[in-house]
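Worksheet: the structure to be examined is printed underneath.
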Protein chains: 2
Amino acid sequence: MTLTVALQPLTAACFAAFGDVIECAGQPLSINQGQTERYHALSLPQVAGEAASIGLSIFRNLQASTLPLQIDMLERHPQGSQSFIPMDGQAFVIVVALPLDDRQPDEAQVCAFLSNGQQGITYARGVWHHPLITLEAPSNFLVVDRIGTGHNCDIHQLSQPCLIRVETAVPVAN
Amino acid sequence: MTLTVALQPLTAACFAAFGDVIECAGQPLSINQGQTERYHALSLPQVAGEAASIGLSIFRNLQASTLPLQIDMLERHPQGSQSFIPMDGQAFVIVVALPLDDRQPDEAQVCAFLSNGQQGITYARGVWHHPLITLEAPSNFLVVDRIGTGHNCDIHQLSQPCLIRVETAVPVAN
């Protein structure tokens, strides 16, 4: 059996249980003599563990996915948050899940979101998520995450495949 | 009198005295079953001071500059680095200066660089630089810098204007 999850537009409200949406929202600060709007402190990276720091990396995704898309695993980083910001305004797919307990995700609560390309995201520390899914390739993302040693990745194989699909509008009978 | 500075292509080697170039360079790590290249730890943000952290913000620049461009000030952030990453692959101009002493920049050592749009930069803590200069507007940048209270911006008015111009190729006599 396959679980089906409908892709939904990414909004801060929908994503709040999983982390932050990094986008121009809310009231900006006016800086640089009014030439620049600063959307301030949209996300604060989290890092734990000794001799660890926050670093900037680039992920270049080499393979584009198409929808519907079947996934079979999720991962989490117990020692730090992880942020992804598209570097070419490209849309991308975010798959996350709420926890069932402290060891595994709740497979009945998988959610899938579509960034509009002007939105980045932060997975809060320990949030179950699927590795980067892009719709274009090659595709570059700035990544802000923990740089350090020690165990920082748990992997969970789903008990059944999960199909991420575009929501189909239901025809309205007249 | 006006000091003239030629815009040069941004490279990690040229920019090393000022901070990091955030770009796909060097040997990446292969992750996500070979689907993604990770250009790892390209820049490590710096933060000092109590109750301060690193945060992600977006700067939306509302005014595009044209070249040649005259500048009359530089600033620095004594308590933290500051990173700028273009969110739409857009080119931008970076103006920096080496220090003359611990209080002011060396106006004879102003440098100007042009990002190719796939390159972000980090100003190391305390590096003198000009506020964001873009060639397109509106134009969004991810900014990674210190979130906290306390004094973190020094401003220096240049003793003479500085003109940033595109290098003109010198005709070769045949």
Taking the residues in the range B:125-161 that are over 26 Å from residue A:55 (Cβ atoms) and among the polar types (S, T, N, Q) as candidates, determine which candidate is least open to solvent (accessible area, probe 1.4 Å). B:160
Only residues that are within 10 Å of chain A (Cβ to nearest Cβ) and closer than 15 Å to residue B:58 by Cα: list them for the range B:83-121, please. B:83, B:85, B:86, B:87, B:88, B:89, B:90, B:120
Check the range A:59-76 and report whether any residue there is within 26 Å of residue B:135 (Cβ to Cβ) and at pLDDT 95 or above. yes
Quick test of your reading of the structure: residue B:93 fulfils all but one of (1) surrounded by fewer than 19 Cβ atoms within 10 Å (Cβ to Cβ); (2) not in a loop (DSSP other than H, G, I, E, B). Name the failing condition by number. (1)
Looking at the range A:42-76, which of its residues are touching an Asp or Glu at 6+ places or on another chain (Cβ under 7 Å) and not in a strand (DSSP E or B)? A:62, A:64
Among the residues of the range A:72-90, write down those that are more than 18 Å from residue A:136 (Cα to Cα) and either surrounded by fewer than 22 Cβ atoms within 10 Å (Cβ to Cβ) or not hydrophobic (A, V, I, L, M, F, W, C) (or both). A:72, A:73, A:75, A:76, A:77, A:78, A:79, A:80, A:81, A:82, A:83
Quick one: residue B:13 ticks every box in (1) among the hydrophobic types (A, V, I, L, M, F, W, C); (2) in contact with a strand residue (DSSP E or B) (Cβ under 8 Å, 6 or more places away or on another chain); (3) open to solvent by 70 Å² or more (accessible area, probe 1.4 Å) bar one, so which box is it? (2)
Looking at A:44, A:3, which one is surrounded by 14 or more Cβ atoms within 10 Å (Cβ to Cβ), more than 14 Å from chain B (Cβ to nearest Cβ) and not acidic (Asp, Glu)? A:3
Does residue B:38 fit the bill of being more than 17 Å from the chain's Cα centre (by Cα), at the interface with chain A (Cβ under 9 Å from one of its Cβ atoms) and either open to solvent by 50 Å² or more (accessible area, probe 1.4 Å) or closer than 21 Å to residue A:83 by Cα (or both)? yes
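The values are calculated or read from the model by the stated rules, or taken from the named source; none is laboratory data. This structure is a prediction, so every number in the text was calculated from the model and none was measured. Neighbour counts are summed over all protein chains in view; Cβ atoms, including those assigned to glycine, are modelled from backbone coordinates with ideal geometry. We work out accessible area using only protein heavy atoms, side chains counted, and drop any ligands, DNA or RNA first. Shrake-Rupley method; radii C 1.70, N 1.55, O 1.52, S 1.80 Å.
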